[in-house]
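Report on the following structure.
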Amino acid sequence: MAGFKKKDRQRIIDEYLAATGKNMFHPAEFVDWLKDKPEHEAYDLFYSMNDEDAARQWRVQMARQMASGLRIVVNHSDPDQKTVNITVREYPAFVSPAKDRRQGGGYHAFDPDDEILQQELRRQAAVGLASWLNRYRGCAENIGLDMQPIESIAEVLRGVEEDAA
């Protein structure tokens with residue numbers, strides 16, 4: 001959320017719940033409650049643009065979500081060998097480099113031969129695995145799963161990205 005750290009978002013929602021006497025957060029009710037509070041620190045996040053601009057921004061976000069998760073399948077073969085080995089790898093169809101997002105960014109069609117896009121994808125994989133571990137480690141360890149292999153994969157992906165930089 002632009003401009004608000006996780007602890008600030010938590011505080012804002014906790015304060016809203018306390019002020020309204022609710023014990024469950026409903027996003028639509030929060031937005032309606034905030035509408036009459038221009039002095040609130042979160043007001044500009046929801047009401048700083050007119051409805052036409054907000055609708056366009058929402059449509060752009062929908063377009064991002066439409067492209068998110070699409071995959072391409074690439075077959076690699078080594079023609080120098082007498083026996084042809086074909087390796088199938090699956091990649092996202094589009095990659096959104098994090099460094100470009102603050103300037104409006106965009107999605108790049110993924111080319112498995114583009115080392116810069118490969119590095120970005122490895123970086124995003126490391127971040128995603130670390131986030132997954134942060135969120136789900138407890139429930140996985142609770143049933144006896146060993147998280148060390150996933151930690152190792154995240155470290156290798158991070159290391160590959162850092163070595164390439």
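The values are calculated or read from the model by the stated rules, or taken from the named source; none is laboratory data. Since the model is a prediction, treat every value here as computed from it, not as a measurement. Glycine also receives a Cβ, built like all others from the backbone with ideal geometry; neighbour counts cover every protein chain displayed. Surface accessibility is based on the protein's heavy atoms, side chains included, excluding ligands, DNA and RNA. Shrake-Rupley method; radii C 1.70, N 1.55, O 1.52, S 1.80 Å.
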Members of segment 61-98 that are surrounded by 12 or more Cβ atoms within 10 Å (Cβ to Cβ) and modelled with pLDDT of 70 or more: 64, 67, 68, 91, 92, 93, 94, 95, 96, 97, 98
Going by the structure shown, is residue 146 modelled with pLDDT under 90 and not in a helix (DSSP H, G or I)? no
Any residue at all in segment 126-137 that's among the hydrophobic types (A, V, I, L, M, F, W, C) and touching a Phe, Trp or Tyr at 6+ places or on another chain (Cβ under 8 Å)? no
Tell me whether segment 34-51 contains one or more residues that are open to solvent by less than 80 Å² (accessible area, probe 1.4 Å), over 27 Å from the mean Cα position of the chain (by Cα) and modelled with pLDDT of 90 or more. yes
So residue 113 fits all but one of (1) outside any loop (DSSP other than H, G, I, E, B); (2) over 14 Å from the mean Cα position of the chain (by Cα); what number is the exception? (1)
Any pair with Cβ under 7 angstrom, 6 or more apart, that starts in segment 101-114 at a residue that is at positive phi and ends at one that is surrounded by 13 or more Cβ atoms within 10 Å (Cβ to Cβ) and among the acidic types (Asp, Glu): 106/100
Kindly establish whether residue 56 is within 18 Å of residue 102 (Cα to Cα), without any contact (Cβ under 8 Å) to a residue 12 or more places away in the chain and open to solvent by 70 Å² or more (accessible area, probe 1.4 Å). yes
Qualifying residues in segment 113-149 (those that are over 24 Å from residue 90 (Cα atoms) and of a type in the set (Asp, Glu)) - the one surrounded by the fewest Cβ atoms within 10 Å (Cβ to Cβ): 146
Which of the residues belonging to segment 105-150 are of a type in the set (S, T, N, Q) and more than 25 Å from residue 64 (Cβ to Cβ)? 142, 148
If residue 6 passes every condition in (1) over 22 Å from the mean Cα position of the chain (by Cα); (2) at pLDDT below 90; (3) of a type in the set (Lys, Arg) but one, which one does it miss? (1)
